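Asks: A single structure is presented below for examination.
The values are calculated or read from the model by the stated rules, or taken from the named source; none is laboratory data. As the structure is a computational prediction, the values presented were derived from the model and not from experiment. Here the Cβ positions follow ideal geometry from the backbone for every residue, glycine too, while neighbour counts run over all protein chains shown. Heavy atoms of the whole protein, side chains included, go into the accessibility calculation; ligands, DNA and RNA do not. Shrake-Rupley method; radii C 1.70, N 1.55, O 1.52, S 1.80 Å.
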Amino acid sequence: MDADELAHDLAPTGVLRASINLGNPVLAQGTLDEPSGVTVELAREVAARLALPVQFICFDAARKSYTAMAEGHADLCFLAVDPDREKEVAFSTPYVHIEGVYAAPVNTPARTRH
């Protein structure tokens, strides 16, 4: 597939519509009108490589960002890999690895991991 075919396949409107989750400050920050962060830069780079303009569609939660793409209102979004979502969308290889932990008071009676 050449670059023009790829651009048309990924962004059939001629604009790469990138769904951005502002609810995760590790991946995106800023405002609805001026988002920033790693996902914004990745979307800009994909658009540049496809010689397309980019439009950012911002949300406050990953679920909303995913829904916009799944319903055809966006062409690209940035999500954690989820086996249920894999039935409907194609995931790239991960672009970031985020380790999540929880914290508890030092004097908690829970002392083991399960």
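Asks: Go through region 45-92 and give me each residue that's within 21 Å of P35 (Cα to Cα), polar (S, T, N, Q) and without any contact (Cβ under 8 Å) to a residue 40 or more places away in the chain.
Replies: T67
Asks: Another question, then. Return yes when A18 is of a type outside the set (V, I, T), at pLDDT 95 or above and under 11 Å from the mean Cα position of the chain (by Cα) and no when it is not.
Replies: Criteria met by A18.
Asks: Ok, one more. List the residue pairs whose Cβ atoms are under 6 Å apart, where the first residue sits in region 93-104 and is within 18 Å of G37 (Cβ to Cβ) and part of a loop (DSSP other than H, G, I, E, B), the second is among the polar types (S, T, N, Q) and open to solvent by 100 Å² or more (accessible area, probe 1.4 Å), and the two are 6 or more positions apart or on different chains.
Replies: Between residues of region 93-104 that are within 18 Å of G37 (Cβ to Cβ) and part of a loop (DSSP other than H, G, I, E, B) and residues that are among the polar types (S, T, N, Q) and open to solvent by 100 Å² or more (accessible area, probe 1.4 Å), there is no close pair.
Asks: Still on this model: Got at least one residue in region 26-45 being under 14 Å from the mean Cα position of the chain (by Cα), on the phi < 0 side of the Ramachandran plot, open to solvent by 90 Å² or more (accessible area, probe 1.4 Å) and not charged (D, E, K, R)?
Replies: yes
Asks: On the given criteria, is A90 open to solvent by less than 90 Å² (accessible area, probe 1.4 Å) and not charged (D, E, K, R)?
Replies: Answer is no for this residue.
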